[in-house]
Structure formats: C-alpha cells, structure tokens
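The values are calculated or read from the model by the stated rules, or taken from the named source; none is laboratory data. This structure is a prediction, so every number in the text was calculated from the model and none was measured. Heads up, the Cβs are rebuilt from the backbone with ideal geometry, glycines too, and the neighbour counts pull from every protein chain shown.
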Amino acid sequence: METEDIKIANETAEAVASERPIAPIVVSAGAAADTAPEPPSEQLSLTPASEISAEDAAQAELRAILEAIVYVTDEPLTAAQIADALGEPRDKINRLLEELVEEYSRPHHGLTVREVAGGYKMSTKPEHHEAIRRFVKRLQPPLKLSMAALETLAVIAYKQPVTAPEIMEIRGVQGAGVLKTLLDRKLITTAGRKNVMGRPILYKTTKEFLVQFGLKDLSELPTLKEFEEIRNMALGEETAAPVPEEGEAAGQKPAE
C-alpha cells in the first residue's frame, strides 16, 4: 500500500513538473545591438563631411589657379579683373586672394603676394634681394647682357630658327654685333641656312642658354620683362641703361 502511494506521488510530481512554464531568456541591450543586422549600404546617405571635402577641393583648385595667374602676369591685377575673366563671384576671388597674401607673408616663403597700385602682384621678398643679387653675380659666366642683346636673344628664343634679316625686321634696328656677342657667349648657334633667295644663316638658342636661364626646355621661356629683371640683378642695380653692342651703334649690317 505504501509503495503504491509513493508511486502515485512521483507520477503527480512529474505531471506538475511537465506543466511548469519555461523562464524567459533575457538578452542585454549590448548583445542585442551586436547581433542586430546591419542596414544595407545603399540605405546610407552621404555624410556632410564628404560634401565639405568636395567643396574644399574645388576651393583649393581655384586658389591654385589664382596663384598661377598672379605669378605669370607682369602687371598687378585687381580682384574684379580676375573674377570677370574666370566667371567667378568677386567676393570669392577677393577672399582667396587675401588667403594667398596671408600664406605668402609667412617666413618660409621667398616670394610674396601683395597689393600694388590697386591690384595683386607676386614678387621676391625685399629682404632677399641682396642674397639674390649676390647669387646671380656669381654665376659663370656672368649674365651681363645689354638691352639690345636681351631683345635679340628673346626674338631668337621665341622665333627660332630665325635669320638675321628677320630679327632686324622685328626689332627695327640692325644688330650684327649683337649676334656676334651672343655667339661668343654660346647662347646661340647657327642652324643651317634658310631655303630662300640669298640663303641667309638661321640662328637658334643653345643648351647653354637653357642652363644660364634655368630652363628645363623652351616651353619654360620667360617673358622679356623677366629677361630684363635677370639682367638688372646681374648688374647689381634696380634699373640699368641700355648698352649698345659693338656694331649696332656703328650701323653694321647683320650677318647673312
């Protein structure tokens, strides 16, 4: 009897146990975040940082263009002139020019951008002028060329190969002595004869010309004004009076 009661009690306990509810599993917020699926990449929108980066790149490119423009022009340019030429707002150009002025005012730059006669111009810093003069004077051979020689050299450099009569036509004066000087300095050389009546000699610049003027090739030719500035620094003075070459003052005819 007792054994049967125990059996009934065990069966009752098992039945009760089978009906006991299962305790829920609690997942922490951190774990839920770790296991949550990531949204597809196409649902991600562009961040403001990427938009700002693109705008900054455009501004940097425009500023670089302004820097190049100020560098290559001989005369000071106003913000209005540059803005109209580029089709950009004047206030934007003015702001970027002011940034260039500030940037080039820092001591690690040898050049400066400053306002001159109402416009902007790039030039060497005054505190470096004496060092530049000393450097140019020590160049071998010295770059002491007259204005006539510079003009003739510029014509040959830009028009080469060119004949003496063609040089005379462009300059308006005879210059046989000038050509001899440039030949002696090894800045120019002959380049055969032109196939026209009289077969005049053709002239061109030399490798020595590139070396003396610090040019990689003829695509880097400076302007005539830059030729003059180099000449003035070589003479150690701000302005130099033209010195006629031998033969030009005497009215000799150019070599043909």
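Brief remarks follow.
- The set of residues from the stretch 168-220 being surrounded by fewer than 17 Cβ atoms within 10 Å (Cβ to Cβ), within 26 Å of the chain's Cα centre (by Cα) and either assigned by TED's automatic domain parsing to the domain that holds Val72 or touching a residue at least 24 places away in the same chain (Cβ under 8 Å) (or both) comprises just one member, Leu218.
- Selection within the stretch 65-79 - over 16 Å from Glu99 (Cα atoms) and in a helix (DSSP H, G or I): Val72
- Members of the stretch 146-167 that are over 30 Å from the mean Cα position of the chain (by Cα) and among the charged types (D, E, K, R): Glu166
- Cross-chain or 6+ apart pairs with Cβ under 6 Å, the stretch 124-136 first and more than 23 Å from Val101 (Cα to Cα), then part of a helix (DSSP H, G or I) and not hydroxyl-bearing (Ser, Thr, Tyr): Arg133/Met233; Val136/Met233; Val136/Ala234
- Any hit, the stretch 3-18, residues being closer than 23 Å to Ser123 by Cα and modelled with pLDDT of 55 or more: no
- For the stretch 94-124, filtered to residues that are more than 16 Å from Gln81 (Cβ to Cβ) and polar (S, T, N, Q), the residue that is surrounded by the fewest Cβ atoms within 10 Å (Cβ to Cβ) is Ser105.
- Check on Ala117, among the small types (Gly, Ala, Ser), free of Cβ contacts under 8 Å to residues at least 24 places away in the same chain and under 15 Å from Val70 (Cβ atoms): no
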